[in-house]
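Contents: one structure, followed by commentary.
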Amino acid sequence: MMHSHYFDQKPDSSHAPRLLDAYYEGQLFHLVTDRGVFSRKKIDDGTNLLLSTVLEHEVNRPLRMLDLGTGIGVMAIVLAKLRPSFSVTGSDINERAVVLASKNAHLNGVENAIFYQADGLSADVTQRYDLIVMNPPIRAGKETVYRLFAEARENLSKPHGRLYIVIRVKQGAASAARELARKFELVETINRGKGYHVIKATVSRL
């Protein structure tokens with residue numbers, strides 16, 4: 001039998017839930033993970049770098065945020081808890097991940113985050129986001145990743161909507177930055193660590 005992959009809509013691997021503990025800004029978070037979801041054994045280095053960078057750059061204030069490809073909800077839950085004025089949405093193609101993300105929000109007492117299953121997002125002028133964060137699904141292929149970049153651009157508020165991504169240098173950080181520069185007016189590499197780059201892309205035109 002083929003092993004389920006985290007980009008599957010309905011993973012068929014058997015369940016083996018486990019609990020991960022992590023501290024962010026001095027606060028302890030409990031997160032349940034399972035087979036068939038991204039980075040099930042630990043919170044991956046890319047997510048940690050992206051999360052710490054967004055926490056550094058984004059202060060608590062009212063805004064709409066999307067965690068695109070939320071997995072078990074790490075980014076969405078931590079940001080919702082530590083930035084309580086944020087209105088947070090998490091989406092993922094993986095049904096099992098979305099179920100876990102919702103459970104993890106409840107486990108950590110997070111009430112300002114919701115989760116839904118979707119493959120990307122469609123342009124909807126009534127649902128613009130001020131902030132989108134994403135650890136792109138590299139194994140799903142460049143075509144999928146670049147489609148998600150384009151969909152993020154279309155769903156950001158104008159101007160000043162911003163997208164943060166994290167990507168390994170050896171998995172195409174330079175080419176991802178070039179692709180983002182075709183879609184956004186301002187693209188910056190704002191952090192580096194453990195072989196990853198965090199890239200911020202900002203909409204500056206109405």
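ILE114 meets the conditions (1) closer than 28 Å to GLN27 by Cα; (2) buried (at least 17 other Cβ atoms within 10 Å of the Cβ) in every case but one. The failed one is (2).
Residue-level check: of (1) over 25 Å from SER157 (Cβ atoms); (2) without any contact (Cβ under 8 Å) to a residue 60 or more places away in the chain, ASP44 misses just (2). Of all residues in segment 118-135 being within 23 Å of VAL78 (Cα to Cα) and modelled with pLDDT under 95, which is nearest to the chain's Cα centre (by Cα)? My answer is GLY120. Checked against the criterion of being touching a residue at least 60 places away in the same chain (Cβ under 8 Å), aliphatic (A, V, I, L, M) and crowded, with 20+ Cβ neighbours inside 10 Å, segment 142-163 has at least one qualifying residue. Quick check on my filter: what residues within segment 87-114 are of a type outside the set (Ser, Thr, Tyr), free of Cβ contacts under 8 Å to residues at least 40 places away in the same chain and not in a helix (DSSP H, G or I)? VAL88, GLY90, ASP92, GLY109, VAL110, GLU111, ASN112, ILE114, listed by residue number. Note on segment 170-182: among residues that are of a type in the set (A, V, I, L, M) and within 18 Å of the chain's Cα centre (by Cα), the one that is nearest to THR144 (Cα to Cα) is ALA176. Considering only segment 129-141, I want to know if a residue exists there that is surrounded by fewer than 22 Cβ atoms within 10 Å (Cβ to Cβ), in contact with a helix residue (DSSP H, G or I) (Cβ under 8 Å, 6 or more places away or on another chain) and of a type in the set (Lys, Arg). Within segment 129-141 (the criterion being surrounded by fewer than 22 Cβ atoms within 10 Å (Cβ to Cβ), in contact with a helix residue (DSSP H, G or I) (Cβ under 8 Å, 6 or more places away or on another chain) and of a type in the set (Lys, Arg)), the answer is no, since none of the residues qualifies.
Within segment 82-104, the set of residues being farther than 22 Å from PRO159 by Cα, β-branched (Val, Ile, Thr) and crowded, with 19+ Cβ neighbours inside 10 Å comprises ILE93, VAL98. Being modelled with pLDDT under 95 and surrounded by fewer than 16 Cβ atoms within 10 Å (Cβ to Cβ) is the requirement here; does GLY193 meet it? Taking the combined requirement at face value, the residue does not satisfy it. For segment 51-69, residues that are touching a helix residue (DSSP H, G or I) at 6+ places or on another chain (Cβ under 7 Å) and either free of Cβ contacts under 8 Å to residues at least 24 places away in the same chain or closer than 22 Å to LEU121 by Cβ (or both) total 5.
Scan LEU68, LEU79, LEU55 and give me the residue that is closer than 22 Å to PRO136 by Cβ, modelled with pLDDT of 95 or more, within 15 Å of the chain's Cα centre (by Cα) and surrounded by fewer than 21 Cβ atoms within 10 Å (Cβ to Cβ). Please lay out each step first, then the result.
Details: LEU68 fails: surrounded by fewer than 21 Cβ atoms within 10 Å (Cβ to Cβ); LEU79 fails: surrounded by fewer than 21 Cβ atoms within 10 Å (Cβ to Cβ).
Within the list LEU68, LEU79, LEU55, the selection yields LEU55.
The values are calculated or read from the model by the stated rules, or taken from the named source; none is laboratory data. Being a predicted model, the structure only gives us computed values, none of them experimental. Methodologically, a virtual Cβ is constructed for each residue, glycine included, from the backbone with ideal geometry; neighbour enumeration extends over all protein chains shown.
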